[in-house]
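Peer 1: I have a structure here, written as structure tokens, and I will follow up with some questions on it.
The values are calculated or read from the model by the stated rules, or taken from the named source; none is laboratory data. Just so we're clear, the structure is a prediction, and the values are computed from it rather than from any experiment. We place every Cβ from the backbone using ideal geometry, glycine too, and count neighbours over all the protein chains shown. Surface areas here come from the heavy atoms of the whole protein model, side chains and all, with no ligands, DNA or RNA. Shrake-Rupley method; radii C 1.70, N 1.55, O 1.52, S 1.80 Å.
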Amino acid sequence: MKGHTFWSDLKNYKVLLLMLAPAVAFFLLFAYIPMAGIVIAFKKYDYAGGIFGSAWNGLDNFRFFFESGDAWRVTRNTALYNIAFITVNNVLQIFAAIMLFEVGGKWFRKITQSALFLPYFISWVVVGAIAYNLLNYDIGTVNALLRGLGLEPVDIYNTPAYWPYILVIVAAWKSLGYGTVMYLAAISGIDTEMYEAAEIDGANIFQRILKVTIPNLYPTIIILVLLAVGNIFRGDFGMFYNMVGNNGLLFSSTDVIDTFVFRSLITSNDIGMSAAAGVFQSVLGFVTIMTVNYAVRKYDKDRALF
């Protein structure tokens, strides 16, 4: 009977299952099968033996990573940057979505939305080149303006203190349009009768935003924040590497786990330690998402991811 039910369901939902197949194949090939490579973190990797033929070395790779003095620095930077990105980006995206929704004029809304979305499609390589031409000490536009005004130029690429602000601003600029579209779609789905009822009751535009729009955005905000929190220990390698490169003077404030793993692999060719750092990153992300999802379930079970 169970076999009959399975094959019946397979036949009845074959079109939907066929549509699902590419996604399943993608995650199977690029997420689940590669998990076998986790064993590299516990081995002294050599090219002759390969992944499964190399000798085991227990937790030596993790010990080297933590004793190097870099583990705390890159973990702290990764977490703090992502907390800043999540906070600033979501606030700006919600604000922009509400403004676009409330502002009249169909063409103005479309043009503004397109202008906000454009940076999302610009490669980080191009963004890095733009930033370099703006911020370079000798030829940068910013320092050229400062010199023109009779002020002292600022050596940004040799001053780590400036970079947390620069990276947060650049990340917000690049992701503003994408997030705005998602929040704008959520706002458009709010029942218009709620706005009409609020207007009849005498609510002004700010009261409608505070009492109708924002409360109805809570489910979307929670889901997007939960998804972002799952990657809180994963730095955007494209952004950090293309904005900072191999400038060792800035590593104290810009080095994240992803760039550290890449640099370790390129410079020292230590595949085992790089794998150990990657496993450490994945475990932290897993624990974080499970903890936050549990907290959300305690508050409101319907708004949790699972």
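Peer 1: Enumerate lysine pairs in the chain that are 8 or more residues apart or on different chains, then count those whose Cα atoms are under 28 Å apart.
Peer 2: 8
Peer 1: While we're on this one: Please work out the average accessible area per residue across region 179-272, using the 1.4 Å probe convention, and give it in Å².
Peer 2: 49
Peer 1: Here is a follow-up. Count the net charge of all other residues whose Cβ sits under 14 Å from the Cβ of Gly53, scoring Lys and Arg as +1 and Asp and Glu as -1.
Peer 2: With Lys, Arg at +1 and Asp, Glu at -1, the net is +1.
Peer 1: Which value, in Å² and to the nearest 10, is the accessible area of Ile130 when all protein chains are kept and the probe is 1.4 Å?
Peer 2: 80
Peer 1: Under the rule of -39500 (n - 2.57) per DSSP H run of 4 or more residues, summed and divided by the residues of the chain, what mean residue ellipticity at 222 nm is obtained, to the nearest 500 deg cm²/dmol? Kindly include the intermediate steps, with their values, before the conclusion.
Peer 2: Working: 16 runs with 208 residues, N = 306.
Computed mean residue ellipticity for the chain: -21500 deg cm²/dmol.
Peer 1: Using a 10 angstrom cutoff on alpha carbons, build the Gaussian network for the chain and name the most mobile of Leu18, Leu59, Leu224.
Peer 2: Top of the fluctuation ranking is Leu18.
Peer 1: Going by accessible area, probe 1.4 Å, with all protein chains left in place, what is the ranking of Glu199, Glu102, largest first?
Peer 2: Order by accessible area, largest first: Glu199, Glu102.
Peer 1: Let me ask something else. Lys and Arg at +1, Asp and Glu at -1: add these up for the other residues within a Cβ distance under 13 Å of Leu17 and post the number.
Peer 2: Once all neighbours under 13 Å are counted, the net charge is +1.
Peer 1: Moving on to the next point. How large are Rg and Dmax for region 1-159 when calculated on the C-alpha trace, in angstrom?
Peer 2: Computed over the Cα atoms of region 1-159, radius of gyration and Dmax are 26.5, 86 Å.
Peer 1: Would you please give the residues with an amide H less than 5 Å from that of Lys43, counting only those at least 5 places away or on a separate chain, with H modeled from the backbone geometry?
Peer 2: Asn57
Peer 1: Sticking with this one: Can you give the accessible area of Thr192, probe radius 1.4 Å, in Å² rounded to 10?
Peer 2: 90
Peer 1: Per-residue HN-Hα couplings for region 107-122, Karplus 6.51 cos²θ - 1.76 cosθ + 1.60 at θ = phi - 60°, whole Hz, x for Gly and Pro?
Peer 2: 5, 4, 5, 5, 5, 5, 5, 5, 5, 5, 6, 3, x, 4, 8, 7
Peer 1: Next question. Going by accessible area, probe 1.4 Å, with all protein chains left in place, what is the ranking of Ile257, Ile214, Ile200, largest first?
Peer 2: Descending order: Ile200, Ile214, Ile257.
Peer 1: Provide the net charge surrounding Asp138, with neighbours chosen by a C-beta distance below 12 Å and charges set as Lys +1, Arg +1, Asp -1, Glu -1.
Peer 2: Around Asp138, the charge tally is 0.
Peer 1: Could you tell me how many cubic angstrom of Cα convex hull volume the chain has per residue? Don't skip to the answer; put the middle values down first.
Peer 2: On the way: hull volume 71.7 nm³, N = 306.
Taking only Cα atoms, the chain has a hull volume of 234 Å³ per residue.
Peer 1: Now a separate question. How large is ³J(HN,Hα) for each residue in region 142-157, as worked out from phi by the Karplus curve 6.51 cos²θ - 1.76 cosθ + 1.60 (θ = phi - 60°), to whole Hz, x for Gly and Pro?
Peer 2: Per residue, the Karplus-derived 3J(HN,Hα) values read 4, 6, 5, 5, 4, 5, x, 8, x, 9, 6, x, 10, 8, 5, 6 Hz.
Peer 1: Ordering Arg63, Arg263 by how much accessible area each has at a 1.4 Å probe, largest first, what is the list?
Peer 2: The most accessible residue leads, giving Arg63, Arg263.
Peer 1: Across region 12-23, in residue order, what do the Karplus-derived ³J(HN,Hα) couplings come to in whole Hz, using 6.51 cos²θ - 1.76 cosθ + 1.60 with θ = phi - 60° and x for Gly and Pro?
Peer 2: 5, 10, 4, 5, 5, 5, 5, 5, 6, 4, x, 5
Peer 1: Looking at the chain as a GNM with Cα springs under 10 Å, which of Trp107, Trp56, Trp72 has the largest mean-square fluctuation?
Peer 2: Result: Trp107 has the largest fluctuation of those listed.
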